[in-house]
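Trainee: I'd like to ask you about the structure that follows.
All of the numbers you see were taken from the coordinates with simple rules; none came from a lab. These numbers come from a predicted model, not from an experiment. Cβ atoms come from the backbone with ideal geometry, glycine included; neighbour counts cover every protein chain shown.
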Amino acid sequence: MSSAPTAFGAASHVASEVDNVFIFILVITAFFFVATQGTLIYFVIRYRHRKGRPDVATSSVITNRILEGIWIGVPSIAVAAIFFYGYTVWEDIRTVPKGAEEINVTARQWLYQFQYPDGRKSINEVRVPVGQAVEFNLTSADVLHGFYLPAFRIKQDAVPGRYTYVWLRASDPGSYDIFCTQYCGVGHSQMRAKLIVMPPARYRQWYRQETAKAEKVLPLADKGKAVVQRLGCLACHSTDGTVKVGPTWKNLYESRVLLENGKTVIADDNYIRTKILNPAATTVKGFPKVMPTFKGIIKDDEITAVIAYIKTLK
Amino acid sequence: MINGLIMNETSEPNYLTETRGLSSWIFTLDHKRIGIMYLCIILFFFLVGGVFGLLVRLELLKPNNWLMSNQTYNEMFTLHGVIMIFLFVIPVIPSALGNFFIPLLIGARDVAFPRLNLFSVWLFGAGVLVVIASFSHPIDTGWTFYTPYSARTAAAVTILVGGIFLMGMSTILTALNFIVTIHRLRAPGMTWHRLPLFIWSMYATSIINVIATPVVGMTFMLLMAERLFGIGFFDPAKGGDPLLFQHFFWFYSHPAVYVMILPAMGIISEIIPVFSRKPIFGYRAIAYSSMAIAFSGFLVWGHHMFVAGMSNAADIFFSFFTFSVAVPTGIKVFNWIATMYKGSIHLDTPMIYALTFIFSFVIGGLTGPFLGALATDVPLHDTYFVVAHFHYTMMGGTVMGLFAGLHYWYPKMTGRMLNEKVAKLAWALIFVGFFVTFFNMFILGFRGMPRRWATYPPRFQTQHIISTVGSWILAAGIVIMFYNFIRCLKKGEKAPPNPWGAKTLEWQVPSPPPTGNFTEIPVITDWPYSYPKRDE
Ligand code: HEM
Ligand SMILES: [Cu+2]
Ligand SMILES: [Cu+2]
């Protein structure tokens with residue numbers, strides 16, 4: 001399901017209302033555009049100076065009360081209407097319905113961390129059921145970020161030190177983009193996440209399973225696999241040799257890694273651990289410095305599990 | 001109406017030939033030379049900023065860092081924006097053309113404080129040098145310098161904003177100089193309602209500059225203090241507020257967009273009547289609407305912050321006032337078009353650029369309501385829709401107005417005519433290139449492409465390719481235009497005093513004007529738009 005093509009058509013009722021406002025403004029502005037530019041082009045053609053004619057205007061009119069009244073009055077009414085329509089629909093964008101489920105979102109350079117009501121956290125992927133109003137409570141751990149869901153026509157900046165919110169009620173299952181629109185540094189354009197909208201029954205089933213899984217004990221490598229899925233490492237790293245934003249993990253363990261500063265290191269436990277906690281310390285040659293730090297997000301035993309998992313990727 | 005004076009070949013010394021040598025320029029008190037110095041510095045940075053713009057476009061040809069790293073991309077678009085805004089579009093018309101033409105248009109021998117004027121250009125030059133020094137650690141904050149990022153980045157933000165601070169002081173001094181000049185040095189008989197409209201627009205611009213520029217100066221001081229001493233005005237961890245910075249910044253920067261556009265509107269108001277051979281329609285409406293725009297421009301800064309986390313009440317307030325700016329802007333457009341009614345329209349290059357201004361600026365203006373209306377701004381904010389919108393206003397507006405003015409006044413400034421054929425070829429490429437590059441960005445933004453992104457999902461690529469190819473056409477046009485400017489300095493035909501048959505005073509003196517402008521200060525008995533009328 002998450003491989004479904006990313007939809008852009010309005011994905012909620014509010015989104016189609018916003019589209020209606022857009023069309024309304026488009027019609028009004030198109031009218032003014034055609035009226036003014038049509039007149040302009042007509043005048044240029046009609047009154048163009050031609051050789052052999054006297055080079056003098058045939059009118060010297062410099063005011064016309066009625067005309068000027070019209071072109072002050074009509075645009076004033078038009079912009080008042082646009083303001084008002086835009087305002088009413090925006091009220092819907094800002095008013096969270098009662099009974100909305102709450103998901104906390106912490107934006108940081110350069111990922112989104114989501115927290116479900118059961119306390120479970122996930123990175124760069126969040127799931128919601130169709131038809132259920134969901135409120136995202138946003139904050140940021142570092143600089144400003146812009147939480148933007150194009151298909152839902154909503155956006156809200158995440159600001160450090162305060163909470164902002166945005167809500168949606170998805171109308172169809174599918175996988176939708178979450179972007180970052182507020183410039184936040186090197187990884188700004190890679191700060192992308194997914195909203196996965198599921199049919200309600202499947203969502204509930206998934207939710208129960210995940211809650212249970214979070215408590216079950218797994219073999220270390222399997223646990224590591226679950227951790228990297230949960231933390232969104234696989235958005236940037238592959239396990240099969242393909243190069244994504246970051247290097248692949250296939251055959252990484254114990255290999256020699258060429259760094260940007262020209263040195264080489266062996267990819268041992270310590271290297272991987274440092275990479276996770278303080279990725280800025282070293283950078284692999286040929287890759288952007290966008291890997292976010294997972295300090296404070298990942299637990300110590302989970303790092304061990306991730307290393308165990310990377311070991312198995314031969 | 002070619003004025004009786006025919007230029008005699010044994011030419012009298014003019015402001016260019018009277019004295020020679022570098023120091024005669026660096027220490028000149030002549031407003032015309034000062035204007036030319038500004039013009040050269042500023043146009044040079046327009047080209048530099050343009051190169052950064054082209055590099056930004058080149059990177060976006062492909063979705064995945066094919067040309068440069070994210071960090072380099074961030075530096076490129078920041079330098080592009082910073083140079084275009086602070087070193088080009090804000091100062092260009094007031095400091096360069098304003099300096100040159102305000103005294104000429106009002107019948108004065110110079111500005112009110114020539115020494116202060118020289119000091120301003122030096123300050124500007126010093127500011128430029130400091131800005132260049134900051135390129136040692138190129139800044140990567142975007143031209144808006146939002147905190148907390150700008151307080152933390154390792155780039156040379158402190159130096160850069162220091163440089164802009166100096167340029168801001170230069171702007172304030174120039175604006176003061178213009179205000180006093182317009183009040184005190186008008187030729188006898190030139191009442192306020194006989195002022196050319198370019199003067200009205202420069203007057204409105206200067207008032208905005210005097211009121212708003214100190215605010216951005218203080219904001220930059222606070223940012224410097226934050227970076228140097230870690231004070232924390234804008235840092236939530238220390239009890240500060242990042243949104244405060246945005247309020248300060250836009251309190252200046254929204255009025256600044258009128259500083260960018262009003263001077264261009266002034267140029268258009270001069271050119272349209274000259275090339276229609278008809279008095280301007282609605283003189284008072286155009287003049288007063290400049291003042292109305294200058295005033296209401298101070299009430300709308302919050303429309304840049306609808307999704308930033310302001311209170312809902314503030315959002316509603318700012319949306320409402322934003323629409324109040326639309327009407328006076330519209331009035332000007334209607335008046336220009338009405339001026340052409342039953343005129344005798346000449347499509348020389350200045351007029352073609354003026355018409356292009358109206359055409360593309362109207363697109364820029366009409367896409368404003370999408371961003372001023374609350375519901376539609378929410379998705380469109382910080383996407384390519386905004387990038388398209390402001391390029392339509394700044395490039396389609398101010399830059400086209402500037403090009404119109406440069407082609408219109410080139411004969412006066414240099415004493416040479418431009419080559420019309422080359423000028424029109426350049427215009428055609430610029431026009432096509434501009435539309436191919438930027439129109440498509442409205443749709444790109446509507447489809448959700450965020451701005452300031454070095455990489456993007458492949459589904460946006462086709463449109464990015466179109467824009468990038470458009471930027472090459474645009475660049476070709478600009479290169480040809482500059483080629484024409486430079487070539488005609490020597491090769492252009494000698495310009496008569498009044499090649500376009502205009503009525504304003506600068507055309508009643510030789511081209512180029514002598515150092516003191518007027519042998520005798522003219523006495524004004526009429527407004528500068530009294531074109532005769534023929535009955536059909
Ligand atoms: C050579 C023609 C130009 C091209 C190809 C060009 C291209 C671009 C592009 C693609 C962006 C968006 C970058 C991004 O968001 O990732 C941009 C941003 C910008 N452009 Fe231009 N532009 C040109 C001319 C101008 C002019 C003439 C001005 C001003 C008078 C201007 C002012 C700006 C500003 C202020 C930004 C925003 C920078 C920021 O986000 O901090 N541009 N330009
Ligand atoms: Cu971000
Ligand atoms: Cu604004």
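Trainee: Per residue and in cubic angstrom, what volume does the convex hull of the Cα atoms of the range B:32-508 have? Don't jump to the answer; show the numbers that get you there.
Mentor: Details: hull volume 65.7 nm³, N = 477.
Once divided by residue count, the hull of the range B:32-508 is 138 Å³.
Trainee: Still on this structure: Using a Förster distance of 56 Å, how high is the FRET efficiency between residue A:65 and residue B:229, based on the Cβ-Cβ distance and rounded to 0.05? Could the numbers behind the result be given before it?
Mentor: Working: r = 60 Å, r/R0 = 1.08.
Efficiency, from the Cβ-Cβ distance: 0.40.
Trainee: What is the P(r) of the range A:220-311, as percent of Cα-Cα pairs per 5 Å bin from 0?
Mentor: 3, 14, 25, 32, 19, 7, 1
Trainee: Another question about this same structure. Using the Cα centre of the protein assembly as shown as the reference point, and only Cβ charges (+1 on K/R, -1 on D/E), how large is the resulting charge dipole? Debye, rounded to the nearest 20.
Mentor: Details: 71 positive and 49 negative charges, 251 e Å.
Rounded to the nearest 20 debye, it is 1200 debye.
Trainee: If you don't mind, another one. Give the percent of DSSP beta bridges with both residues in the range A:101-213 that are antiparallel, rounded to the nearest 5.
Mentor: Working: 26 of 39 bridges.
Approximately 65 percent, going by the DSSP bridge assignments.
Trainee: What is the calculated FRET efficiency for residue A:39 to residue A:261, with r their C-beta to C-beta distance and R₀ = 45 Å, to the nearest 0.05? Let's see the in-between values first.
Mentor: Numbers: r = 64 Å, r/R0 = 1.43.
For residue A:39 and residue A:261, the calculated efficiency is 0.10.
Trainee: What pairs from A:225/A:275; A:225/A:295; A:250/B:62; A:275/A:299 go past 25 Å between their alpha carbons?
Mentor: Values: A:225/A:275 17 Å; A:225/A:295 18 Å; A:250/B:62 27 Å; A:275/A:299 14 Å.
Long pairs (Cα-Cα over 25 Å): A:250/B:62.
Trainee: On a straight-distance basis, which aspartates and glutamates could pair with residue B:424 in a cross-link, Cα separation under 19 angstrom, same-chain partners fewer than 8 positions away excluded?
Mentor: B:348, B:493
Trainee: Per DSSP helix of 4 or more residues, -39500 (n - 2.57); summed, then divided by the residues of chain A. What does that give at 222 nm, rounded to the nearest 500?
Mentor: Values: 6 runs with 113 residues, N = 314.
Mean residue ellipticity at 222 nm (helix-derived): -12500 deg cm²/dmol.
Trainee: Then there's this: List the extent of the Cα atoms of the range B:398-536 along each of their three principal axes, largest first, rounded to whole Å.
Mentor: Taking max minus min along each principal axis of the Cα atoms, the range B:398-536 gives 66, 38, 35 Å.
Trainee: About the Cα centre of the range A:7-94, what is the dipole size in debye to 20, counting +1 per Lys and Arg Cβ and -1 per Asp and Glu Cβ, all else neutral? Mind showing how you got there, number by number?
Mentor: Working: 7 positive and 6 negative charges, 177 e Å.
Here the size comes out at about 860 debye.
Trainee: Mind checking which aspartates and glutamates have their C-alpha under 19 Å from residue B:332, skipping anything on the same chain fewer than 8 residues away?
Mentor: A:68, B:270
Trainee: Count the DSSP beta bridges whose two residues both fall in the protein assembly as shown, then state the antiparallel fraction as a percent rounded to the nearest 5. Intermediate results must be reported in sequence, preceding the final value.
Mentor: Working: 33 of 48 bridges.
In the protein assembly as shown, approximately 70 percent of DSSP beta bridges are antiparallel ones.
Trainee: Okay, helix-only estimate at 222 nm for chain B: each DSSP H run of n ≥ 4 adds -39500 (n - 2.57), divide by all residues, round to 500 deg cm²/dmol; what do you get?
Mentor: -21000 deg cm²/dmol
Trainee: For residue A:166, which sequence-distant residues (separation of 5 or more, or a different chain) have an amide H within less than 5 Å of its own amide H, given hydrogens modelled in the peptide plane?
Mentor: Hits under the 5 Å cutoff: A:136, A:138.
Trainee: Each label point is 7 Å from the Cα along the Cα-to-Cβ direction; what then is the distance between the points at residue A:285 and residue A:299, in nm?
Mentor: Distance between the two pseudo-spin positions: 4.0 nm.
Trainee: Which value results when the Cα radius of gyration for the range B:208-297 is divided by 2.2 N^0.38 Å? Let's see the in-between values first.
Mentor: On the way: Rg = 19.4 Å, N = 90, 2.2 N^0.38 = 12.2 Å.
Ratio of Cα Rg to 2.2 N^0.38 Å: 1.59.
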